[in-house]
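Trainee: Before I ask anything, here is the structure I am working with.
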Amino acid sequence: MLRIELTAAASGQPGHGELTVHGWPGGTDGLELSVLRNQDSLYLEAGGGWDSLPVWHAIDGLERRGELLVGSVGPWLVDPLVRDPKMVYRLQLRDAGQSDGGVLRIVGNILSSPAVGHPQPLNEQPRHAPEPVAAPPELEPEPEPPAVEPPPVETPRPDRPLVAERDEEFRAAPALKPQPRKPVRWLPLALGLVLLLGIGLAAYWYFVLRPHTQTPVAAAPAAAPAAAAGGEAGACAGTALAESGDDLTFIQACLKSNPSSARVLEVIDAAKQARRCGVVQRLYAHKAQAGDAAIAFAYAREYDPQTFKAGGCVESADAETAAYWYEIALANDAGNAEAKQRLEALKP
C-alpha cells in the first residue's frame, strides 16, 4: 500500500503541485496513473471528466529521492482533485512489472488554475515610449447655408373671412343619419338567472337538507399511525431496494427520507446480499461525509485489516483508508474509544 501526498508547488503557481509517493518499489520509467473517486467509483478522464471505466494516464517527471518518488504535476491532475475538497481519491500506480495504490492526501491549500487571475504589475513600464501623434490639420469652416425665408402667411380677406369658409365647408358635408337603437333582449338573461337559481337550490338541498347516510369517520385515524410508520421504511428499505432497478434513483429517494443510522446500515446489509455494491459505497460515503459518526465508523471497519471480510463490496483491506474514516468518525463523536484505539494502531 502506497502513501501518496499532493502539496502546492514551491512556486505557488495555481494549478500546479508536487506529488510525493511513499513506498513505491519499482522504477520511474513507463509509469501510469489512475485516479478513482471513492464516492461514486468513477475514474478521471484525460479531459478532466469522470468515467465508470478505468483510465490510465502516462506520468513523467517523477524522480526517486531515497525511498520516495517526487515530481511536479500540472492542471490536468490538480484542477479535478481540488475542485471538491470533500471527495476521497484513490491513486493507482503501475509499470510493466507491478502495480500498487493508496488513498491520496491533499496537504495544505492548493489553488486550481482558474481560481486566481494574473494581473499585470502596476509599476511595469512600457518598453518603448509612444510616438507623438500629429495633431489633425485644421479644417476650414464650412460656409453657412443661406437663410430660407418662410412663406408668406395668407391673411383673410375682408370680403371673405375664414369663419365663413369653414361654415360653407360644414354645410357642404353630408349629414350623418342617426342609427336606430337595437332592442335589448332580456329573455336569455332572465332564463340564465332562473337556471342559476335552480342550481343553487339543488346544491343547498343536496349538501344541507338531504339526510346524511355516510359511515362515521371516527375509525379513519386508526390507519394514520401505520402509514406514518411506513414512510421512512417505504423509501429506504430492503423491499424498496429490490423493487428499484436503478441505484441512483433509490439512493436519492432513500436519503430524501432522512433515514436514521440504523436504517441506513440495514439497507447497506441488504445491498451487500444483493451485490448492489454501488448502493453500498455511495450510502457509506454520503452519510459519513455528512457527519454521521456511526456510518463513518462502520465504513472504517470495512477497510480495517482487523475487521475486514473478504467477498464483500470492499475488495481488500486498506489501513490508510480505514484511518481516514476513523478520523471522520472521531471528528463527529469524540467519545468513540474503539475508533480512537484503532486509529492509533493504524497510523504509522
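Trainee: Go through region 268-285 residue by residue and turn each phi into a ³J(HN,Hα) via Karplus (6.51, -1.76, 1.60, θ = phi - 60°); whole Hz please, and just put x for glycine and proline.
Mentor: After applying 6.51 cos²θ - 1.76 cosθ + 1.60, I find 4, 4, 5, 5, 4, 5, 8, 6, 9, 5, x, 5, 4, 5, 6, 5, 4, 5 Hz.
Trainee: In whole Å, how far is the Cα centre of region 316-348 from that of region 12-68?
Mentor: Rounded to whole Å, the Cα centres lie 25 Å apart.
Trainee: Once the other residues with Cβ under 15 Å from the Cβ of Ala345 are scored (Lys, Arg +1; Asp, Glu -1), what is the net sum? Intermediate results must be reported in sequence, preceding the final value.
Mentor: On the way: positive: Arg301, Lys340, Arg342, Lys347; negative: Asp304, Asp318, Glu320, Glu327, Glu338, Glu344.
Taking every other residue near Ala345 into account, the sum is -2.
Trainee: Then there is this: From the square roots a ≥ b ≥ c of the eigenvalues of the alpha-carbon gyration tensor of region 1-104, which class results: rounded (a/c under 1.5), prolate (a/b over b/c), or oblate?
Mentor: Working: a/c = 1.62, a/b = 1.14, b/c = 1.41.
Oblate is the answer for region 1-104, as a/c is 1.5 or above yet b/c matches or exceeds a/b.
Trainee: If you wrap a convex hull around the alpha carbons of region 237-337, what volume per residue comes out, as a whole number of Å³? Could you put the intermediate results ahead of the total?
Mentor: Values: hull volume 9.1 nm³, N = 101.
Roughly 91 Å³ of hull volume per residue.
Trainee: Let me ask something else about it. What are the ³J(HN,Hα) couplings of region 65-81, residue after residue, when phi is run through the Karplus curve with 6.51, -1.76, 1.60 and θ = phi - 60°? Round to Hz, x for glycine and proline.
Mentor: 10, x, 8, 9, 10, 10, x, 8, 10, x, x, 4, 9, 5, 4, x, 6
Trainee: Mind listing the long-range amide H neighbours of Gly101? Cut-off is under 5 Å, sequence gap 5 or more, other chains count too, H placed in the peptide plane at 1.01 Å from N.
Mentor: Result for Gly101 returns Leu2, Leu93.
Trainee: Can you give the local net charge around Gly278? Use residues other than it whose beta-carbon is closer than 11 angstrom to its beta-carbon, Lys and Arg +1, Asp and Glu -1.
Mentor: Working: positive: Arg275, Arg276, Arg282; negative: Asp40, Asp246, Asp247.
Value of the local net charge: 0.
Trainee: Right, next: List every residue whose amide H lies under 5 Å from the amide H of Trp50, counting only residues 5 or more places away in sequence or on a different chain, with H placed 1.01 Å from N in the peptide plane.
Mentor: Glu45
Trainee: For region 248-254, what does the Karplus curve 6.51 cos²θ - 1.76 cosθ + 1.60, with θ = phi - 60°, yield as ³J(HN,Hα) per residue in whole Hz, taken in order and with x for Gly and Pro?
Mentor: Once θ is set to phi - 60°, the couplings for region 248-254 become 5, 4, 5, 4, 4, 5, 5 Hz.
Trainee: From zero up to wherever the largest Cα-Cα distance of region 232-288 sits, split into 10 Å bins and tell me the percent of pairs in each.
Mentor: That works out to 27, 67, 6, in percent per bin.
Trainee: Find out how many positive minus negative residues lie around Leu248, taking Lys and Arg as positive, Asp and Glu as negative, among other residues whose Cβ is under 14 Å from that of Leu248.
Mentor: On the way: positive: Lys256, Arg276, Arg282; negative: Asp40, Asp246, Asp247.
After counting each charged neighbour, the total is 0.
No value in this document is a laboratory result; all are computed from the given coordinates. Everything numeric in this text was worked out from a predicted model, so none of it was measured. Heads up, the Cβs are rebuilt from the backbone with ideal geometry, glycines too, and the neighbour counts pull from every protein chain shown.
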